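Data first, discussion second: the structure below is written as structure tokens.
The values are calculated or read from the model by the stated rules, or taken from the named source; none is laboratory data. All of these numbers come straight from a predicted model, not from anything done at the bench. Cβ: placed from backbone, ideal geometry, glycine included. Neighbour counts: every protein chain shown.
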Amino acid sequence: MESKTTEDKWKKKLTKEQYKVLRKKGTEPPFTGKYVKHHENGIYKCAGCGAPLFSSDEKFNSGTGWPSFYKAMNKDNIEEKVDKSLGMVRTEVLCKNCGGHLGHVFDDVPTNKGCRYCINSISLDFDKK
């Protein structure tokens, strides 16, 4: 699906919860997503369009309640934008292909592995290796 997809088509393709997060920039409650404690090997893709986003090799338990990744599998498939909502400045992560909201990225990882991509499970699908 391209970012030119109409809102009516998105509403038909996505569940109500997926639509709220991917298209309206919502957030699923912490510790509720299906990929928070997910440990299989494979590729996490955009639930909106199927673009490959993150590898299970880069996933880690951040303790925040959302799936976290040290880096994106392919930086060409994500877009980062300044997000000044909720009275703070953060960096929003979007799927570059369809414009779907994925979550946020932070520079607070306590190791030298990179940053913390904090991603909503509902924004993702998974392909097992």
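If you go through the range 37-55 and keep only what is of a type outside the set (Val, Ile, Thr) and within 13 Å of the chain's Cα centre (by Cα), you end up with TYR44, LYS45, CYS46, ALA47, GLY48, CYS49, GLY50, ALA51, PRO52, LEU53, PHE54, SER55. The residues in the range 52-72 that are over 16 Å from VAL21 (Cβ atoms) and in contact with a helix residue (DSSP H, G or I) (Cβ under 6 Å, 6 or more places away or on another chain) can be counted, and the count is 3. Only one residue in GLY65, GLY87, GLY100, GLY26 is under 14 Å from the mean Cα position of the chain (by Cα), over 25 Å from LYS128 (Cα atoms) and of a type outside the set (D, E, K, R). Which one? Matching residue, one of GLY65, GLY87, GLY100, GLY26: GLY26. Taking each residue of the range 23-48 that is under 19 Å from LYS75 (Cβ atoms) and looking for partners that are among the hydrophobic types (A, V, I, L, M, F, W, C) and modelled with pLDDT under 95 with beta-carbon atoms closer than 7 Å, six or more apart or interchain, yields ILE43/MET73; GLY48/MET1. Being of a type outside the set (Gly, Ala, Ser), modelled with pLDDT of 95 or more and in contact with a strand residue (DSSP E or B) (Cβ under 6 Å, 6 or more places away or on another chain) holds for only one residue in THR15, THR91, and it is THR91.
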